[in-house]
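The structure follows.
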Amino acid sequence: VAKGAGKNRWRRYQNHLHGAMVERLELRSALDHAVNEGHFLLQYQPIVDLNTDEAAGFEALVRWHHPARGVIAPDQFIEVAEESGLIIPMGRWVLDQALHTVAQWRRVLPRARQPYVSVNVSVRQFRQKGFVDQVRASLDYAGVPPQALMLEITETLLMRDDEDIWADLAVLQDLGVRIAIDDFGTGYSSLSYLRQRPIDVLKIDKTFIDDMVGSEQQLALVSGIVSLAQTLNLTVVAEGIEDATHRDILQRLGCPLGQGYYFSSPVGPTEALTWLTVNRAVAA
Ligand code: C2E
Ligand code: MG
Ligand code: MG
Ligand code: MG
């Protein structure tokens, strides 16, 4: 009996593996279809100046608009998009769409209030040949200056010694494109890199903000990151600000910028423009 049960368990396990594989293949082919049909949309979350409550920029966040399953969050498909290489055509669309939208906003706003758009870029996208030219062409096509664009890369990229990517980033930074390290603090990057690499912005990961209220140690960490950034002449964005307590603490620590549901969840391009024209956080 025991042997039979073991066998059953093994078979169930194999079925499970098989099921997961089929699911992944299905996801991949559905994603392929979505890329060809353009079934994606972008939402925008304000990056707020903590001293004025005005939006300095917006982070563009991709969603998959599945005809049957509705709107699907990026956590559900970015990984498969990266593995399959579909992130390349998808990322190109994201960049073009985000720049097109920021161009529209900038056209209707006075110069002093023109925002930038911040776009997430996967390592795989940076590794493709001609990425810098693609960014340049997209900026030209949208008719916006490089200052209208920020690129977010995850901290894991910092830890790789991929000199080609860093060389490309340096070219983009020289152009005037801002470079941000996303989810900062979750990796194990060496701090000396921050000084040597072409980086403008650190985005403190949400987990630090979550834990900051109950823990002196976490608070000290966030405070440390903010002063480190100041020392290195970098700017800081705190992610995941969910309430007034978070906002007040960060403001007190001298953190210049923040993002989170307290100000606004990611919204469509029209609602984002309303945000810019009304120019104040509803919650504030
Ligand atoms: P991320 O770049 O760190 O983006 C922040 C995520 O936190 C977003 O989730 C955002 O909606 C969410 N968020 C913002 N404020 C709050 C808050 O106050 N509380 C909580 N609980 N969450 C908050 P989203 O849109 O699901 O994106 C998840 C991740 O998917 C992003 O993390 C990014 O790594 C990736 N991603 C999104 N769009 C793209 C894209 O176009 N290209 C690539 N390569 N990756 C993308
Ligand atoms: Mg991001
Ligand atoms: Mg982030
Ligand atoms: Mg994140």
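Probe radius 1.4 Å, ligands and nucleic acids left out: which of 192, 264 has the largest accessible area, and how do the rest follow? Could the numbers behind the result be given before it?
Working: 192 55, 264 15 Å².
Ranked from most to least accessible, the order is 192, 264.
I need the chymotrypsin sites (Phe, Trp or Tyr not before Pro) found in region 183-222, filtered to DSSP loop residues with at most 11 other beta carbons within 10 Å of theirs.
Working: sites: 184, 188, 193, 208; in loops: 188.
Sparse-neighbourhood loop chymotrypsin sites (Phe, Trp or Tyr not before Pro): 188.
Between region 197-226 and region 17-55, how far is it from one alpha carbon centroid to the other, in angstrom?
About 26 Å separates the Cα centre of region 197-226 from the one of region 17-55.
Same structure, new question: Can you work out the FRET efficiency for the pair residue 216 and residue 124, with r the C-beta to C-beta distance and R0 = 30 Å, to the nearest 0.05?
Working: r = 40 Å, r/R0 = 1.32.
Approximately 0.15, to the nearest 0.05.
Quick one: net charge around residue 172, please, counting Lys, Arg +1 and Asp, Glu -1 for every other residue with C-beta under 12 Å from its C-beta. Kindly include the intermediate steps, with their values, before the conclusion.
On the way: positive: 136, 178; negative: 133, 168, 174, 200.
That works out to -2.
Would you rank 216, 271 by solvent-accessible area, highest first, keeping every protein chain in place and using a 1.4 Å probe? Spell out each step's value before the answer.
Details: 216 145, 271 110 Å².
My answer, sorted largest first, is 216, 271.
To continue, here is another question. Would you list 169, 257 from the most to the least accessible area, probe 1.4 Å? Walk me through the numbers before you get to the answer.
Values: 169 0, 257 20 Å².
Descending order: 257, 169.
Just how much of residue 206 is accessible, in Å², when a 1.4 Å probe is used and the result is rounded to the nearest 10?
About 80 Å², rounded to the nearest 10.
Once R0 is set to 35 Å, what does the formula 1/(1 + (r/R0)^6) return for the Cβ-Cβ distance between residue 196 and residue 112, expressed as a FRET efficiency to the nearest 0.05?
On the way: r = 33 Å, r/R0 = 0.95.
According to the calculation, E is roughly 0.60.
Over region 131-186, calculate the relative contact order: mean separation of alpha carbon pairs under 8 Å at least 6 apart, over the residue count, as a percent. Walk me through the numbers on the way to the answer.
Working: 44 pairs, mean separation 27.0, N = 56.
For region 131-186, the relative contact order is 48 percent.
Of the residues 153, 72, 87, which exhibits the maximal mean-square fluctuation in a Gaussian network model of the chain defined by a 10 Å Cα contact cut-off?
For the chain, modelled as a Gaussian network with Cα springs under 10 Å, the answer is 72.
If ligands, DNA and RNA are left out, what is the accessible area of residue 178 with a 1.4 Å probe, given in Å² to the nearest 10?
Looks like 70 Å² after rounding.
The values are calculated or read from the model by the stated rules, or taken from the named source; none is laboratory data. It should be emphasised that the depicted structure is a prediction, and the values quoted were computed from it without experimental measurement. All Cβ positions, even for glycine, are placed from backbone atoms using ideal geometry, and neighbour counts span all protein chains on display. These area figures cover heavy atoms from the full protein model, side chains too; ligands, DNA and RNA do not enter into them. Shrake-Rupley method; radii C 1.70, N 1.55, O 1.52, S 1.80 Å.
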